[in-house]
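Below is one structure, written out as structure tokens; the observations come after it.
The values are calculated or read from the model by the stated rules, or taken from the named source; none is laboratory data. All figures in this text were calculated on a predicted structure; none of them were measured in a lab. Note that we place each Cβ from the backbone using ideal geometry, even for glycine, and neighbour counts take in every protein chain shown. For the accessible areas, the whole protein counts, side chains as well, though only heavy atoms, and no ligand, DNA or RNA atoms are used. Shrake-Rupley method; radii C 1.70, N 1.55, O 1.52, S 1.80 Å.
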Amino acid sequence: MTALKLHSSPHIDIYSAKSDTPLELPVFNDIKAGFPSPAGDFIDQSIDLNRHLIKHPSATFFGRVKGESMKDAGINDSDLLVIDKSIEPIDGKIAVCFIDGEFTLKRIKKDKTSLWLMPENKDFQPIKITEENDLRIFGVVTHVIKSF
């Protein structure tokens, strides 16, 4: 999986996704969160991360999160996002949004009269979308990849 940086902003970096090369890795199917067991004997299949994480290759991009506005949704600074532009950005989805010339990551909230971009951190304010705003939904987040 290789990527080309397409855009950088204070909130997110956007990368293209190249997924035409298989990425087969072994899978341990029975990892217990309790007492340890000898897992080496239980590798019985592999997983292609490109096929698993990328359903629509021509519409998929990666994003590197900058900031903590979505931390209560489990999305933290430096997490890697898999973003699919082909998924409809409906109420409740987490999306990369391009608003008034800047990218941001927020949860979409629609009510009867308004559209909101909602942070998942009480230290940040919701953004109410008005006629004065220039809003484009770049894509919907399908996966979050974390480093520990």
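From the list ASP84, ASP91, ASP72, ASP79, exactly one residue is of a type outside the set (Val, Ile, Thr) and over 15 Å from the mean Cα position of the chain (by Cα). Which is it?
ASP91
Reported count of residues in region 48-63, each being touching a Pro at 6+ places or on another chain (Cβ under 9 Å) and surrounded by fewer than 14 Cβ atoms within 10 Å (Cβ to Cβ), is 1. Selection of strands (runs of 3 or more DSSP E) fully inside region 74-148 by the criterion of at least 1 residues being open to solvent by 50 Å² or more (accessible area, probe 1.4 Å) and more than 26 Å from ALA17 (Cα to Cα) returns 102-110, 115-118, 127-129. Is it the case, given these coordinates, that PRO10 is modelled with pLDDT of 80 or more, farther than 22 Å from ILE87 by Cα and of a type outside the set (Ser, Thr, Tyr)? So PRO10 fits the description; yes. Tallying residues that are loosely packed, with under 11 Cβ neighbours inside 10 Å, within 25 Å of HIS143 (Cβ to Cβ) and at pLDDT below 60 within region 33-47 yields 1.
For region 45-65, name all the residues that are under 14 Å from SER16 (Cβ atoms) and assigned to a strand (DSSP E or B).
If we filter region 45-65 for residues that are under 14 Å from SER16 (Cβ atoms), which is where we start, we get 50, 54, 56-64.
Those that are under 14 Å from SER16 (Cβ atoms) and assigned to a strand (DSSP E or B): THR60, PHE61, PHE62, GLY63, ARG64.
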